[in-house]
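Colleague: I have a structure I would like to understand better, so I am pasting it below and will then ask my questions one at a time.
The values are calculated or read from the model by the stated rules, or taken from the named source; none is laboratory data. Source: prediction; values computed, not measured. Please note: Cβ atoms are built from the backbone with ideal geometry, for glycine as well, and neighbour counts cover all protein chains shown.
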Amino acid sequence: MAILGSVACADPELIASSDTDIREELVDPSFEEHIEPMFKSCLACHQGEAPDGGFDLTGDMYARLVEQRSIQAESLNLVEPGDSAYSYLWHKLNGSQSLAGGAGTRMPMGERWPQEDLDMVATWIDLGAEP
């Protein structure tokens, strides 16, 4: 098993694959292309005058997430570039927010995101959370 950031691939040959798109998506997710579209679904609750949890994602979503202090776990940033374990947003998505000193429930409410999406968010953060 090969590890790409925090993404595990059962087939190490995937890395050597000629399919560059798959390799780039696993190794270097882009905020604009991969991460932001996933978080747009959060706007249903996290926008407007009284966004859920006081967390507004409208406007420059990248600026609202990266290196911004969490309201629920004040010792953590929402996204700490280079370290998903110290990123409160990752804990909220993973359901481990209480272990990180936070509160509330896993996000999004309802159905959990697919593991591949969670892995992509963790990889993006661990690789520096570039715009």
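Colleague: Please verify whether the range 1-13 includes one or more residues that are assigned to a loop (DSSP other than H, G, I, E, B), at pLDDT 90 or above, within 14 Å of ILE125 (Cβ to Cβ) and within 14 Å of the chain's Cα centre (by Cα).
Modeller: No, because not a single residue in the range 1-13 is assigned to a loop (DSSP other than H, G, I, E, B), at pLDDT 90 or above, within 14 Å of ILE125 (Cβ to Cβ) and within 14 Å of the chain's Cα centre (by Cα).
Colleague: Quickly run through the range 114-131 and pick out the residues that are assigned to a loop (DSSP other than H, G, I, E, B), closer than 19 Å to ARG64 by Cβ and at pLDDT 95 or above. Walk me through how you get there before you give the answer.
Modeller: Start the filter on the range 114-131 by keeping residues that are assigned to a loop (DSSP other than H, G, I, E, B), which leaves 114, 127-131.
So of that shortlist, the ones also closer than 19 Å to ARG64 by Cβ come out as 128-131.
GLY128, ALA129, GLU130, listed by residue number.
Colleague: Now, a different point. Could you figure out which of (1) in contact with a His (Cβ under 8 Å, 6 or more places away or on another chain); (2) modelled with pLDDT under 90 isn't true of ALA73?
Modeller: (2)
Colleague: To continue, here is another question. Looking at (1) touching a Pro at 6+ places or on another chain (Cβ under 9 Å); (2) in a loop (DSSP other than H, G, I, E, B), which one does ALA73 not meet, given that it meets all the others?
Modeller: Condition (1) is where ALA73 drops out.
Colleague: Sort out which residues of the range 60-76 are surrounded by 14 or more Cβ atoms within 10 Å (Cβ to Cβ) and of a type outside the set (A, V, I, L, M), and write them in order of number.
Modeller: TYR62, ARG64, GLN68, SER70, GLN72
Colleague: In this structure, is THR105 surrounded by fewer than 14 Cβ atoms within 10 Å (Cβ to Cβ), more than 15 Å from the chain's Cα centre (by Cα), of a type in the set (Val, Ile, Thr) and under 18 Å from ILE35 (Cβ atoms)?
Modeller: no
Colleague: If you don't mind, another one. Please go through the range 40-70 and give me each residue that is in contact with a Pro (Cβ under 7 Å, 6 or more places away or on another chain) and either among the aliphatic types (A, V, I, L, M) or farther than 22 Å from MET120 by Cβ (or both), ordered by number.
Modeller: Scanning the range 40-70 gives a single hit, VAL66.
Colleague: Restricted to the range 37-59, and to residues that are without any contact (Cβ under 8 Å) to a residue 24 or more places away in the chain and in a helix (DSSP H, G or I), which residue is farthest from MET109 (Cα to Cα)?
Modeller: In this case the residue turns out to be PRO37.
Colleague: Determine, yes or no, whether GLY101 is closer than 20 Å to ASP28 by Cβ and not in a helix (DSSP H, G or I). Talk me through it step by step, then tell me what you get.
Modeller: Values: closer than 20 Å to ASP28 by Cβ: no; not in a helix (DSSP H, G or I): yes.
So GLY101 fails the test.
Colleague: For residues in the range 77-96 being touching a Phe, Trp or Tyr at 6+ places or on another chain (Cβ under 7 Å) and in a loop (DSSP other than H, G, I, E, B), which is surrounded by the fewest Cβ atoms within 10 Å (Cβ to Cβ)?
Modeller: Once the filter is applied, the top-ranked residue is GLU80.
Colleague: Yes or no: GLY110 at positive phi, out of contact with any strand residue (DSSP E or B) (no Cβ under 7 Å at 6 or more places or on another chain) and in a helix (DSSP H, G or I)?
Modeller: Answer is no for this residue.
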